[in-house]
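This report refers to the structure that appears directly beneath it.
The values are calculated or read from the model by the stated rules, or taken from the named source; none is laboratory data. Worth saying up front: this structure is predicted, and the values here are computed from it rather than measured. Every residue, glycine as well, gets a Cβ built from its backbone with ideal geometry; the counts of neighbours run over all protein chains shown.
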Amino acid sequence: MRDAERKISMRLEKYFEDPEILHVGTEETRCCCEPQDENGESRRNCLSGNWKFHYFSSAAEVFAGIAGEGKGADITDVCRHINEGGWDSIPVPSCWQNHGYDSHQYINVRFPIPFDPPYVPDENPCGLYETEFLRESQTQSRSYLYFEGVDSCFYVWVNGTFAGYSQVSHSPSEFEVTELLADGTNRLDVLVLKWCDGTYLEDQDKFRMSGIFRDVWLIERPCDFVRDYAVTTGITFGEDQVTPQSAEVCLSLSRSTGGSRRELFVRAILRDASGSVEAEGQTTLVSNGSEAKLVFPVKHPRLWSAETPYLYTLEIRTENEILHQNVGIREIHIESSVVKLNGRPIKIRGVNRHDSNAKTGYTISREQLEEDLKLMKSHNINAIRTSHYPNAPWFPEYCDRYGFYVIAEADIEMHGVTSFYGGSSKKTFCTLAMDPMFDKAVIDRVERCVKRDKNAPCILIWSLGNESGYGNSFEKAGRWVKAYDPTRLTHYEGAVYEAEGHVNDTSMIDLYSRMYPHVEWIDEYFADPGNKKPYFMCEFVHAMGNGPGGIRAYMDRMYRYEGFLGGCVWEWCDHAIYDGVAENGKERYLYGGDHGERFHDGNFCVDGLLYPDRTPHTGLREWKNAICPVFVTEIDAANGMFLVENRFDFLEASGEAELCYEIKAGGSAQDETVILADGTKELPHLLPHEKAALTIPVPKLPENMDVYVKLTFIRKKAVEYAACSSTFGFAQFCMQERKVSVLQRENRAEHEVVLVEEPEEWIVLCGTLRVAFGKKTGAPTGIFKDGKSILWGHAGYQIYRAPTDNDIQIKEKWKEAGYDAAMTKVYHSDAFCLDGEAHYVADIGIAAIYRQPAVHLHADWCVNRWGRVIVTLDAHKDMAMPPLPRLGIMLPVERSMRHVTYYGYGPDESYIDKREHCYVDMFQAEVEDLHENYIRPQENGSHYHCRYVSLENEKYRLLAEADNYLDFNVSDYTVEELAGKRHNFELEPASGSLLSLDARMMGIGSNSCGPDLPEEFLRDEAHTVWKVQLQIEEL
């Protein structure tokens, strides 16, 4: 660095608003590695810990008020001035918003500052950090400060002298500080600004946080050292193009500059996983900045894949230093529009993942990462897209070891250009991508991503960024990537956008990518012979809240089309801020709008497969079973004949999984479920992607019972993540459905049915059962057994559900139609006795103020002589109105009736399009256990395709049985409570349970950011006739 630049401490140069000056005093980005001395001791000293900290509401305040408002002041003066008032303390790494400074803001698309590039607001919050560290006398070494991640830009001083400036929040910055350090105690000052010109390129969908959020290191290197290196591998296959005959590991070395003039001798040793030497070589780097190459032949190599993550180790030695590098021998290429790894077609079954933690923000630990990876692995996930920036520097190392395919994404998103006045994705998405002002920044960010992680075998694909439009800058960046690293594929979804007057060059983009398509579009893509690129869904099935639904249709296409590489669910984990425990003892998680911010996007960040504390949503289990690597379809389920498909890409199925089968009969509340047969069976010997028939023994099936067979695939091999799950997944098939309606059963004592008319009600008596029907309510106002009330309020009819996050679009139509405020109008009601039964009938309209009725109902509540109440609904929907969220009845059940038994899809919540993770059986639970505690309350806990459900206390059992099937939900919270509260910790339970019995419940989908719900899951029938039987039993 020039002396003039060293003296810059007198004032704060506005590098943060200069797109031509991205870095000052930094080293060129190199691969991430940990140098060791000749004895194997680390040469890195971690400076993280508690640092002094002072927060300024504006960068202009830093030097203000000192020596005549900053004239002639330097950083030492600033620190001395702060000393007079006292420093605060803050942990490094951390985000300062998590420690009481500034405030949190969650915003998705919009920029958090005015769109006026490259300028940022003058009121630009910043934090000054200071720490001291000891450095022993180092006469033959060179010293480097290494910052793993700082948001958004920062200035560095060492012992009061300016060392440099850098930006790009999620990429490392390295400064040589050899000449600035003294023997003994040294002072390090870092000024971090919240915003800079790079903010326009970091508009990712996340909480906006600031500070030194990753570790800081002091690294000591010898005077001459290997500054950087690159490892590539090549494989020679046999005639079958999949069996490796030999391989080469190529090591390219580059020497540091500015050292001595003597030669640098380098020896490199390649070892296998057991530590045995596979190959070795040596070379000499003759001068400063020189390069050399070594090639290691490997006979009969073991190849790396996500399923077989075999790693060699490369040891690079010089006189005073040792470097180690994981080496995975693998080769990725495209052949006839199909992506192949090591000669075999692969499928990506992945997730998008942020570095995030509810308590520490952007700062994550290795332990948390391992927890994430173990959960992913145990749920059959094989790929991660680092959305939308390079994850922690040690992230690839763990993916190498655990076995994940990584789509490594540059720290770029410029989505906010679609939100300025007059903007849209069609008109303005490419604004900054076409602006020469940001060419340098875009290319710099892509280069830093690639150069840092170039040696990670887990990375198969470089992604140029996210949602930033397309233009000259990305074309230049893409060309650079293909020239620098032709061994990997390139991806960028934004290439589908084209600026007016510009013709996109996408020749350097290997994959065609589109987010959140409807499945028919996928069919159209592969039907077009002009589409030659493999297709990759970088984001799909938005997992926000109760979701995602509809996964099966995407999986069907993924395996139908060879050129369909796969996709990554959006996203891995909910983003929320942990805010302690509420007075009611519930944990508080906050999202957009909870911190007083004017502009925010609510809970759109709470959109993962996991809760913030890493507890799985039901959506994670849904994704797991949908991507089970052993897939089964039925040939003839009634006779135990199935077709098994091995969806592993490299492993033989029978060596990985064992089949456990169980044939079970049930479906009647009066009969126990019975295991008819169970056992284990070896799978056929199936190579990757092969199919074979499988038969299991079938016993004689009992008459008039539902019979299902469940096939579960057990992991054979012990793995370190097995504690998370011992199974790959399961499949279930119906072998037989019952034929006789439960409404025909007459196995109880008979009683006389008495009908009594009162001024406001009809009363039906049958033995110890008493049912009251309101003349103006159209439904029961009370149900009593032995004089004890079973209900705590009036029964009613339901067409509305608390909107899920994936109802974000259609809920506006519901509200427009008035479904959320619909009222029941009884046009006519009557009661009469016929053939020893009492009937209460009502003609009903359900409508909101100023809207026509959405539904006309004819309800018949029949109390027969066996004490059963048979409800028949004959419903006609106005098809001009939006699809109904649900259609059914609601019974407010007395609070003591907490124990739930049901036969249908469980044990988790299930819906017509979200039941891959559920199976049909008899389940038991308590009411509170059926509640899925989404951070933003919404419809949850329903169960699809049920024969019956019962609630009971110590004395009575309320049983509901469908003539065919019913969906049900039992909850402590009313629909209004779930729909009206912003947070789960705010929920207040009703006076008792709410039992909803639905003729139908609409599907879930992923429309919060995906396509509309398919028509088949809307369940929007014009005419519905449905019967359900209720009875109260004494236990």
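Here are some notes:
- Close Cβ contacts (under 6 Å, 6 or more residues apart or on different chains) running from residues in segment 356-370 that are in a helix (DSSP H, G or I) to residues that are of a type outside the set (D, E, K, R) comprise LEU369/TYR398.
- Listed here are the strands (runs of 3 or more DSSP E) enclosed by segment 748-838 that have at least 2 residues being touching a Ser or Thr at 6+ places or on another chain (Cβ under 6 Å) and small (Gly, Ala, Ser): 769-774.
- Checked against (1) surrounded by 17 or more Cβ atoms within 10 Å (Cβ to Cβ); (2) over 22 Å from ILE407 (Cα atoms), GLU524 passes all but a single condition, namely (1).
- Here segment 714-730 is the region considered, the condition is being in contact with a strand residue (DSSP E or B) (Cβ under 9 Å, 6 or more places away or on another chain) and in a loop (DSSP other than H, G, I, E, B), and the residue that is modelled with the highest pLDDT is LYS716.
- Any hit, segment 30-44, residues being basic (Lys, Arg) and more than 24 Å from TYR165 (Cβ to Cβ): yes
- Taken as a whole, the structure leaves LEU47 outside the set of residues that are buried (at least 17 other Cβ atoms within 10 Å of the Cβ), at pLDDT 95 or above and more than 30 Å from SER89 (Cβ to Cβ).
- Across segment 418-456, the number of residues qualifying as crowded, with 24+ Cβ neighbours inside 10 Å and touching a Phe, Trp or Tyr at 6+ places or on another chain (Cβ under 6 Å) comes to 4.
- Selection of segment 219-240 for residues being free of Cβ contacts under 8 Å to residues at least 60 places away in the same chain, in a loop (DSSP other than H, G, I, E, B) and either crowded, with 19+ Cβ neighbours inside 10 Å or not acidic (Asp, Glu) (or both) yields only GLY238.
- Extreme residue, nearest to ARG748 (Cα to Cα), among residues of segment 988-1002 that are surrounded by fewer than 20 Cβ atoms within 10 Å (Cβ to Cβ) and in contact (Cβ under 8 Å) with a residue 60 or more places away in the chain: SER991
- Within segment 295-348, strands (runs of 3 or more DSSP E) holding 3 or more residues that are free of Cβ contacts under 8 Å to residues at least 60 places away in the same chain, outside the structural domain of ALA718 (by the TED database) and buried (at least 19 other Cβ atoms within 10 Å of the Cβ): none
- Any hit, segment 614-628, residues being in contact with a Phe, Trp or Tyr (Cβ under 6 Å, 6 or more places away or on another chain) and crowded, with 16+ Cβ neighbours inside 10 Å: yes
- Restricting the search to strands (runs of 3 or more DSSP E) fully inside segment 639-682 and requiring at least 2 residues that are buried (at least 20 other Cβ atoms within 10 Å of the Cβ) gives 641-646, 657-666.
- Filter result for GLU932 (in contact (Cβ under 8 Å) with a residue 40 or more places away in the chain, in a helix (DSSP H, G or I) and of a type outside the set (Lys, Arg)): no
- The lone exception for GLU932 - which of (1) buried (at least 22 other Cβ atoms within 10 Å of the Cβ); (2) closer than 17 Å to GLU622 by Cα it fails: (1)
- When residues in segment 174-216 are screened for being part of a loop (DSSP other than H, G, I, E, B), more than 25 Å from LYS440 (Cβ to Cβ) and either modelled with pLDDT under 95 or of a type in the set (Gly, Ala, Ser) (or both), 2 of them pass.
- Those strands (runs of 3 or more DSSP E) lying entirely in segment 396-501 with at least 1 residues aliphatic (A, V, I, L, M) and touching a helix residue (DSSP H, G or I) at 6+ places or on another chain (Cβ under 8 Å): 405-409, 459-463
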